[in-house]
Amino acid sequence: MSATSASPSSGSTATQSAKPSRSRKRVATGYRFLLITVSSLIIGGLLFVMIRTFGYVEGTEFAPNHFQTRRFSFYEIPLVHWQITPIRRVSTTPETARYLTQSKILTMPNQIPDRWDLVEIRHGLQDAEPRDPALLLDHLRLMDEGISVWKQWSKKNPKLAQQLWPTIAKLADRELYILIPRLMELTRDVQDVATLKATVADYLAEEYVSLIRDMRDAQRDELADALLAEALEESPDNLELQSLKKDRQTVDPAENT
């Protein structure tokens, strides 16, 4: 009787002790789930703020063969620079550039631009980083009391504009943006076509000579030769350019064969 009567009592005690254990496990599991959820939300929120603050990238591109500009923007993961959103692009062609193409001062190809030079770019809170094409874009964007300066100059001086702008476009195509500001400064107050042609030829010949010598010193002979050939097409009688050609032929006699 005693053994039989003790069995229900011991089973009841085991059942009662198992219930708090399962309850504690459920509570612990719930806390872990809550902790994981809260941690994920905090990390996700911090990542979102970091990307919004430091991962926003924007900049400007210029198509030298079409005289068009566009603005682009996207988001990336900072530090590793992994792009995480599609690139958004918006046309921002300056008024002067639109006038030059619409008035046929510059004749542009009909196809869609396939080359875009980086004008400037900004990552997050950093200042914009300008590149060489900005040297041209600064002039195309130049305004004075709401008036586009170089558009106005081109309208007042159509014959001069037809001589100057194709030269500017050619320099942009060659990525020689660094020569453009000084050239525009020299020609801005010129009054006749003959003077403008002479000014442009003298300035470019002088700059080409310097660039070609620098390229040869850097052992970039192929690029130097290409630039020399282009310079001689524009200024075939320039003595310094002719001298550079003779020097090259002396160094590399194979060119004479």
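Quick notes
- Label positions at LEU186 and GLU95, each projected 7 Å from the Cα along the C-beta direction, are separated by 2.9 nm.
- 10 °C / 1.306 mPa s Stokes-Einstein diffusion coefficient of the range 139-257, Kirkwood radius on C-alpha pairs, µm²/s: 101 µm²/s
- Residues in the range 159-174 reached by a label modelled at GLU230 [backbone nitrogen below 15 Å; 7 Å Cα→Cβ]: 166-174
- Taking only the Cα atoms of the range 32-133, the radius of gyration and Dmax are 19.5, 71 Å.
- Its Cα gyration tensor gives the range 63-214 an equivalent ellipsoid. The semi-axes, each the square root of 5 times an eigenvalue, are 31, 19, 14 Å from largest down.
- Sparsely packed loop sites in the range 94-123 (the trypsin sites (Lys or Arg not before Pro) outside DSSP H, G, I, E and B with at most 12 other Cβ atoms within 10 Å) comprise LYS104, ARG115.
- Hydrodynamic radius of the range 78-135 per Kirkwood, over alpha carbon pairs, in Å: 14.6 Å
- Counting only protein heavy atoms and a probe of 1.4 Å, the accessible surface of the range 144-193 is 43% carbon and sulfur.
- Using a simple spin-label model with pseudo-atoms 7 Å out from Cα toward Cβ, GLN249 and VAL193 lie 3.3 nm apart.
- With contacts taken as Cα pairs under 8 Å and at least 6 residues apart, the range 90-231 reaches a relative contact order of 18 percent.
- FRET efficiency estimate (nearest 0.05) - Cβ-Cβ, THR53 to ASP173, R0 41 angstrom: 0.60
The values are calculated or read from the model by the stated rules, or taken from the named source; none is laboratory data. Everything numeric here is computed off the predicted structure, so don't read it as measured data. As a convention, Cβ positions derive from the backbone with ideal geometry for all residues, glycine included, and neighbour counts pool all protein chains shown. Note: areas computed on protein heavy atoms with side chains; ligands, DNA, RNA excluded. Shrake-Rupley method; radii C 1.70, N 1.55, O 1.52, S 1.80 Å.
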